[in-house]
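These notes are about the structure you will find just below.
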Amino acid sequence: MIMNVKYGKGGCQTATVPDENLIGTFYPADVKCRPADEVINESIDDPIGYGSLAEFLEGGKDIVFIVNDATRPTPTAKVLDALHKRMDLRKARYLVATGAHRDMTPSEYDFVFGRHYEYLKDRIIAHDAKTSECLYLGQSKNGTPMEVNRIAVEADRLVIITSVEPHYFAGYTGGRKSFLPGVASFRTIEANHKLAMKKEAQSLVLEGNPVHEDMMDALESVKGKEIFSIQMVLDRHQNIYKAAAGDLNRAFAKAVEWANVVFSVPIPEKADVVISVAPYPMDVDLYQSQKAIDNGKWALKEGGKLIMVSKCREGIGGDTFLKQLSLSKDPARVLENLSKEYKLGYHKAAKMAEVAVWADLWVVSDLDPKLISEANMTPFKSLEDAMEEVFKWKPDARILVLADGSVTIPRLE
């Protein structure tokens, strides 16, 4: 059969795979979605733990919305459409939870804010982890210094708009993640992400996950603050499946249940070859695309080939982790080196090296092949080229495709 997978914005990669080799192409589950405005409005009309949004906002002198940046598919603009009918959006400020990411481009601001950007842009502040003024709020149980953007800390009303899907070391996105790393200082983010080096920090896991626990401590440090959240779960076409509004933690717990329905996908067997795709917008760079590798590992046999397909439109995404992967041709030695000290990005190298110890990592991207080769991965210009090598290696290879590998968690049944 001819197989097509997404590549960049509107593009695709094509390869021929015999039917007898293909286990199947797996996506997040198909779920029935109602019109987005219905889903959003119903959640806002019946918030968890609050009488109404209007009651929550009443008396607020400094209303601040925290919204995701463009590395997340969160349909913020659709939520603002619903809120526009309920309040004057210009009475609030909008803090973009960039974490340690760069500021957004003009087209990305249009994507996040939609038709509201033009009249709200003077009310929008992009958090900068290195330069934004952050207030120290104490230490977490794990010793992480809690430093959070002053705007978020001093607001008397916080509204968080976010989406919830699996995350390879925080368990899930959403909820508390808007606070840490969303609007935290670089020092705080680095200390928190160091905990991702622990094996307990993995997708779908909250209990006992040190990264999640650290994020919850960040929320505890502002206990008593008025926070209203709107948290959505999307389907595989990025339509809104469900939404929960109100109390941050209770809405998050509800969204996690729905996220498991969509993103935890049963597979019949593990494969010799897993093709894991990072589609737009998760293909922005190698740093973000790595999630497709981490998710793909759950469907791969030991000694197999994991092929990540991602355009990596903006390159590497900070080269700290790539330099670490390139220090030795032995992934086990890379892991040993990483255990000696930590800088932001090392957790990314560690997660990739962990897989490279027992499997081969192949990459189909627009990146410089030399950079990929030096980092213990095999570069290919096309998926067709990669598949030719697969069949030279093992003509009867069993092949499994994760068409949205950035958020699909394979579960062997």
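Read the figures in this text as sums done on the coordinates, not as results from a lab. Small disclaimer: the values here were computed from a predicted structure and weren't measured. So basically every Cβ, Gly included, is an ideal-geometry build from the backbone, and we count neighbours across all protein chains shown.
Dipole magnitude for the chain: computed about the Cα centre from +1 point charges on Lys and Arg Cβ and -1 point charges on Asp and Glu Cβ, it is near 440 debye. Taking a Cβ cut-off of under 10 Å around T98, the surrounding Lys, Arg, Asp and Glu residues balance to a net charge of -2, with basic ones at +1 and acidic ones at -1. DSSP bridge analysis restricted to the range 36-263 gives an antiparallel fraction near 40%, rounded to the nearest 5. Axis angle, to the nearest 10 degrees, between helix 248-263 and the longest C-alpha principal axis of the chain: 30 degrees.
Straightening the chain between D396 and A332 buys 20.1 nm, computed as 0.36 nm per residue apart minus the Cα-Cα spacing. Only the Cβ atoms of Lys and Arg (+1) and of Asp and Glu (-1) were treated as charged; on that basis the dipole of the range 1-61 about its Cα centre amounts to roughly 400 debye. Excluding same-chain neighbours fewer than eight residues apart, the aspartates and glutamates reachable from K78 by a Cα-Cα span under 19 Å are D37, E38, E42, D45, D46, D69, D88, E108, D110, E118, E165, D235. Of interest is the spacing of the C-alpha centroids, which for the range 99-129 and the range 346-379 amounts to 32 Å. In terms of other Cβ atoms within 10 Å, M387, M232 run from fewest to most in the order M387, M232. For the residue pair N4 and D319, what label-to-label distance in nm results when each label sits 7 Å from Cα along the Cα-to-beta-carbon direction? In this crude label model, N4 to D319 measures out at 3.7 nm. Put the Cα centre of the range 301-331 next to the Cα centre of the range 214-269 and the gap is 29 Å. Checked against a 19 Å cut-off, the cross-linked pairs K199/K297; K297/K340; K85/K225; K198/K323; K199/K223; K32/K311 give Cα-Cα distances beyond that limit for K297/K340; K85/K225; K198/K323; K199/K223; K32/K311. As a proxy for reagent exposure, M308, M87 were ordered by neighbouring Cβ count within 10 angstrom, fewest first; the result is M87, M308. Using the Cβ-Cβ distance between E55 and D366 with R0 set to 56 Å, the FRET efficiency works out to roughly 0.65. You can think of it this way: the chain between D156 and K340 has 62.0 nm of extra reach, that is 0.36 nm per residue less the Cα-Cα gap. Scattering from the range 253-328 was approximated by placing one identical point on each alpha carbon and applying the Debye formula without solvent; log10 I(q)/I(0) at 0.15, 0.18 1/Å stands at -0.66, -0.88. Using only Cα coordinates, the Kirkwood hydrodynamic radius of the chain works out to 21.8 Å.
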